[in-house]
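Enquirer: The structure follows.
The values are calculated or read from the model by the stated rules, or taken from the named source; none is laboratory data. Just so it is clear, the model here is predicted, and its values are computed rather than measured. Reconstructed Cβ throughout: ideal geometry from the backbone, glycine too, with neighbour counts over all protein chains shown. SASA here: full protein model, heavy atoms, side chains in, ligands and nucleic acids out. Shrake-Rupley method; radii C 1.70, N 1.55, O 1.52, S 1.80 Å.
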Amino acid sequence: MTIHITVNGTTHATASAPDTRLLDYLREELHLTGTKEGCGEGECGACAVLLDGVLVNSCLVPLGQLDGAAVTSIEGLPPDSALARAFGRAGGTQCGICTPGMMLAATALLNEHPRPTLAQIRAGLDGNLCRCTGYTRIYAAVAEAAEEPD
Ligand code: FES
Ligand code: FES
């Protein structure tokens, strides 16, 4: 079975097994290694991507469900967006494991709530775990990005 999937605007055809995790397809077949594996169980958000605009944990999504779907990974976000600038300025870019998922979750949040309250920012990022430095700077970065046009 050939599966067609659009990733960051480019459509690919793959004959990978339908039970291949989207996370593995991105990393191993497309070499898009910005999407990270943390828990591998849907608990940490390190592997988060947008699937047809909706935030999902790619470790839980089998390729077989994705024929015709559009995926955005961290490589598909503009490197100079207001969000990226704000993460850099506010010190929200803390480690390489959680940051890609945080950025994707923040993108989904800002698409839904362009001017989020702190409670909405917390709720939007509550599926993304940081086990080290904490969330203060990340929340600040998202709030700053909301104030700034792209
Ligand atoms: S690696 Fe997918 S949620 Fe943790
Ligand atoms: S896990 Fe990445 S900054 Fe904490």
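Enquirer: For region 81-95, what are the residues that are assigned to a loop (DSSP other than H, G, I, E, B) and either free of Cβ contacts under 8 Å to residues at least 12 places away in the same chain or open to solvent by 50 Å² or more (accessible area, probe 1.4 Å) (or both)?
Expert: First pass over region 81-95, keeping only residues assigned to a loop (DSSP other than H, G, I, E, B): 81, 91-95.
Result: T93, Q94.
Enquirer: Of all the residues that make up region 43-58, how many are more than 16 Å from ligand 2 (Cβ to nearest atom), within 15 Å of C98 (Cβ to Cβ) and not hydroxyl-bearing (S, T, Y)? Walk me through how you get there before you give the answer.
Expert: Step one: filter region 43-58 for residues more than 16 Å from ligand 2 (Cβ to nearest atom), giving 49-56, 58.
In the following step, the residues that additionally are within 15 Å of C98 (Cβ to Cβ) were identified as 49, 55, 58.
Within this subset, residues satisfying the condition of being not hydroxyl-bearing (S, T, Y) are 49, 55.
So the answer is 2.
Enquirer: Related question: Here is a list of conditions, (1) farther than 17 Å from N128 by Cα; (2) open to solvent by 40 Å² or more (accessible area, probe 1.4 Å); (3) modelled with pLDDT of 95 or more, and V54 meets all of them except one; can you say which number that is?
Expert: (1)
Enquirer: Further question: Take P100 and decide whether it is more than 16 Å from ligand 2 (Cβ to nearest atom) and touching a residue at least 12 places away in the same chain (Cβ under 8 Å). Step through it out loud before you land on a result.
Expert: Values: more than 16 Å from ligand 2 (Cβ to nearest atom): no; touching a residue at least 12 places away in the same chain (Cβ under 8 Å): yes.
No; evaluated as a whole, the condition is false for this residue.
Enquirer: If only one of T107, T136 is more than 13 Å from ligand 2 (Cβ to nearest atom) and more than 18 Å from E43 (Cβ to Cβ), which one is it?
Expert: On the way: T136 fails: more than 13 Å from ligand 2 (Cβ to nearest atom).
Selected residue: T107, the only one of T107, T136 that is more than 13 Å from ligand 2 (Cβ to nearest atom) and more than 18 Å from E43 (Cβ to Cβ).
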